[in-house]
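Worksheet: one structure, shown below.
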There are 2 protein chains.
Amino acid sequence: MKDETVLLGHGSGGTMMKRIIDDVFAASYGSEELAQGNDAAVLTAPAPGERLSFSTDTFVVTPHFFPGGDIGRLAVCGTVNDVATSGAEVKYLSVGMVLEEGFPMEELQRVCASIKTAAEEAGVHVVTGDTKVVNRGHGDGVYINTAGIGFIPEGRNLSGANCQVGDVILISGTLGDHGITVMSQREDLSFSTDLKSDAAPLNHLIADVLAAAPDARCFRDPTRGGLASTLNELAEQSGVDMVVRENDVPVKPAVLGACEMLGYDVFQVANEGKMVCVVPPEQAEAALAAMRGNVYGADAAIIGQVEASKPERGNKVFLETGFGSRRILDMLVGEQLPRIC
Amino acid sequence: MKDETVLLGHGSGGTMMKRIIDDVFAASYGSEELAQGNDAAVLTAPAPGERLSFSTDTFVVTPHFFPGGDIGRLAVCGTVNDVATSGAEVKYLSVGMVLEEGFPMEELQRVCASIKTAAEEAGVHVVTGDTKVVNRGHGDGVYINTAGIGFIPEGRNLSGANCQVGDVILISGTLGDHGITVMSQREDLSFSTDLKSDAAPLNHLIADVLAAAPDARCFRDPTRGGLASTLNELAEQSGVDMVVRENDVPVKPAVLGACEMLGYDVFQVANEGKMVCVVPPEQAEAALAAMRGNVYGADAAIIGQVEASKPERGNKVFLETGFGSRRILDMLVGEQLPRIC
């Protein structure tokens, strides 16, 4: 018997649920731990001296499929990247599915195949999962939560609170590709047909940078809220100002054109395969070379530096224009591109 | 400024999201790790020789509030119990929220307060989280995913595959309280006004049983699919039959009455604060006493035993009636009580 769409019974804890788990989830991204069928996966612990890294993210993007990726690839990459920002080796993933009654099984299969591919690329194992089915009209086809565990080597202490005056800020590639791609798909806009999402696992890129620039202060991926929100978070955590040189920030012309047409600020558009890194100045060139040597870092650039804050106005991020003037780069306030990650 | 309802901007990665995190999530169930504001929580690893236990669950129950609990309490207890079935000390939780635009902030506050209370009772820390807001009509107020990490002591190897012929089956209390309570609330049925959900963290109960019955084979909580599905899973994993004596299974008269009126099989109704345990016969009385000594095990009972399977008919679960006859207790096939956990 073959189910064409997701039915309420697939989430009921009985034989139908066993079937969707065996035929869809385990068949695509199964692991030894998942196959054991216990309620919790039993996993090898870190070596002595290592610590755990733990993060979670839920993915609610529509459309589910877009140039450069889909919700399954995003669900793996998003959590892998969050765990990797701690400098951890990313090891294990959970996958929790919220399926809407009537979701086509063929689309679910494609999403799951994509989870498998992305997990293999990142080198992580899906070891535990959960399946819920909600009534028609109470979801959006599929929502996916992933949680990830990594192991942090002894002596590695990355944090957004580590940035110091004089440090250098890098970005691993062009801004805005993911957000503009998804938005253009959703709105059926034709200006960006040559664009695709940058969704990618960046744990290997981070490892490359750490090998070349061992005193890197922190990594953070500028997803929702874009580069502007990420830098404002880091500035506040570290109690510093940050200055970004607009002309040094890589942006594809098509993305810039779309932003101008729509009135979006590219610094607030979401990315899913880019990494911000702050390093001490003497390791900046090495970090840049390491990024550029990675398949996902070809367009990496040094884009700015950390400066001292003026106590009377708090921690600010500035954008330095081509004319040498500075404007404040604010955190996104409300909603720019809804639900794109 | 105070937000009365959840708005799309609360999930956008900018200042509104920062506000809901600070004012609602961190203010209720915040921890030191959550306060650090990094993308991944950095956590102490297990001691040498220990292993990790990892599980996840998403909660989509409606109504969100019901006698004996709410979706927040469920979200903590469900994952704590799954992790605890491995014999682990449960340590860390992630909380991923999918909020529907327009969800009342006051209800979210109550859910979060409940998460705090349940986490404190279980002794776990919420160390990382995520917030997404979906458009009106694409959710059901609030969906909550939790993932949990525990540490398993050296030498402890619990698994559903461990059951042996002659082993004894225990249940920690009455069947069906959660499922019937939620269903009666949803359908506005009055027959069960004295009932309440059993939602509870059972990690301490499991620890008590393991101290008294160190050779316990496995634990599993009979949630979706009920006791029937749980025992069928264990029978298949271990390659055995299981026999349950109907008269020994504790069920509240009001639950039994509701099941009879509605045509439900109480063995397939969900529980959220009950634990099945299989132990070698010589440790059964000690395990029972340990359960009964725990606040959530007062009605615990020995309900059956593990028997050898007949190869020609696979692994079966039988219900032995008061008259000594046996009927097959099947796994739930489709849907009995939708989305109650």
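Converting phi to 3J(HN,Hα) with the Karplus coefficients 6.51, -1.76 and 1.60 and the offset θ = phi - 60°, segment B:147-162 yields 10, x, 10, x, 10, 9, x, 4, x, 8, 9, 8, 6, x, 8, 8 Hz in sequence order, with x at every glycine or proline. Here's how it looks for residue B:309: its modeled amide H is under 5 Å from those of B:241, which are all 5 or more places away or on a different chain. Neighbours of residue A:238 by Cβ distance under 10 Å: Lys/Arg scored +1, Asp/Glu scored -1, total -3. In segment A:168-328, taking the dipole from charged Cβ atoms about the Cα centre, the farthest positive-side position among A:325, A:249, A:178 is held by A:325.
For the pair residue B:120 and residue A:19, a Förster radius of 30 Å applied to the C-beta separation gives a FRET efficiency near 0.20, rounded to the nearest 0.05. Amide H contacts for residue B:318 (H built 1.01 Å from N in the peptide plane; partners 5 or more residues away or on another chain; cut-off under 5 Å): B:242, B:243, B:244, B:329.
Heavy-atom accessible surface of chain A, averaged per residue, reaches 35 Å², computed with a 1.4 Å probe.
Would you work out the charge dipole size for the protein assembly as shown about its Cα centre, treating the Cβ of every Lys and Arg as +1 and the Cβ of every Asp and Glu as -1, and quote it to the nearest 20 debye?
So the dipole magnitude of the protein assembly as shown works out to roughly 20 debye.
Taken about its Cα centre, segment B:10-52 carries a charge dipole of about 100 debye when Lys and Arg each add +1 at the Cβ and Asp and Glu each add -1 at the Cβ. Residue by residue along A:63-76, Cβ atoms of other protein chains within 10 Å of the local Cβ number 0 on average. Under the criterion of Cα pairs below 8 Å and six or more residues apart, the relative contact order for chain B equals 22 percent.
Shape analysis of segment B:106-160 yields a ratio of the Cα radius of gyration to the Kirkwood radius, Rg/Rh, of 1.10. For segment A:121-137, putting each phi into the Karplus relation 6.51 cos²θ - 1.76 cosθ + 1.60 with θ = phi - 60° gives couplings of 4, 7, x, 10, 10, 7, 10, 7, x, 8, 10, 10, 10, 10, 4, 3, x Hz, in residue order, rounded to whole numbers and with x for Gly and Pro. Check cross-link reach from residue A:91 to the lysines: straight Cα distance under 18 Å, and skip same-chain residues fewer than eight apart. Cross-link targets: A:116. The residues A:64, A:10, A:138, sorted by heavy-atom accessible surface at 1.4 Å with ligands and nucleic acids left out, run A:138, A:64, A:10 from largest to smallest. If R0 is 51 Å, the Cβ-Cβ spacing of residue A:165 and residue B:136 corresponds to a FRET efficiency of close to 0.65.
Using the C-alpha gyration tensor of segment B:8-152, what are the square roots of 5 times its eigenvalues, in whole angstrom, with the largest one first?
26, 18, 12
Applying the Kirkwood pairwise sum to the alpha-carbon positions of segment B:160-328 produces a hydrodynamic radius of 16.0 angstrom. Entry note, segment B:71-135: relative contact order of 51 percent, from Cα contacts under 8 Å with a spacing of 6+ residues. Full extension of the chain segment joining residue B:4 with residue B:285 gains 95.8 nm, where the gain is 0.36 nm per residue of separation less the Cα-Cα distance. Determine the percent antiparallel among the DSSP beta bridges restricted to the protein assembly as shown, to the nearest 5. DSSP beta bridges in the protein assembly as shown are roughly 75 percent antiparallel. Taken over the alpha carbons of chain A as equal point scatterers, the Debye sum produces base-10 log I(q)/I(0) values at 0.12 Å⁻¹ of -0.86.
With contributions of -39500 (n - 2.57) from each DSSP H run of at least four residues, the per-residue ellipticity at 222 nm computed over chain A stands at -8500 deg cm²/dmol.
If the cut-off is 15 Å between C-alpha atoms, which aspartates and glutamates fall inside it for residue A:2, apart from same-chain ones fewer than 8 positions away? Hits, sequence-local ones excluded: A:22, A:23, A:106, A:107.
Each residue of segment B:250-255 was assigned a 3J(HN,Hα) from its phi angle through the Karplus expression (A = 6.51, B = -1.76, C = 1.60, θ = phi - 60°), giving x, 9, 5, x, 5, 5 Hz with x at Gly and Pro.
In a DSSP loop and with at most 16 other Cβ atoms within 10 Å, the trypsin sites (Lys or Arg not before Pro) in segment B:102-172 are B:136, B:156. One way to sum up the overall shape of the protein assembly as shown is the equivalent ellipsoid from its Cα gyration tensor, whose semi-axes run 47, 25, 22 Å, largest first.
Near residue B:310: Cβ cut-off under 10 Å, other residues only, Lys/Arg at +1 and Asp/Glu at -1. The net charge is -1. Using the Cβ-Cβ distance between residue A:157 and residue A:292 with R0 = 22 Å, the FRET efficiency computed as 1/(1 + (r/R0)^6) comes to roughly 0.30.
Close amide-amide hydrogen proximity is noted between residue A:251 and A:175, each under 5 Å apart and 5 or more residues distant or on a separate chain (H modeled in the peptide plane; Pro and chain starts excluded).
Of the residues A:85, A:181, A:44, the one that moves most in a GNM of chain A with alpha-carbon contacts below 10 Å is A:44. Taking Cα pairs under 8 Å and at least six residues apart, what relative contact order does segment B:160-328 come out at, in percent? Once divided by the residue count of segment B:160-328, the mean separation gives 42 percent.
The values are calculated or read from the model by the stated rules, or taken from the named source; none is laboratory data. All figures in this text were calculated on a predicted structure; none of them were measured in a lab. In this analysis, Cβ positions are derived from the backbone assuming ideal geometry, glycine residues included, and neighbour counts consider all displayed protein chains. Just so you know, the surface numbers come from the protein's heavy atoms only, side chains and all, with ligands and any DNA or RNA stripped out. Shrake-Rupley method; radii C 1.70, N 1.55, O 1.52, S 1.80 Å.
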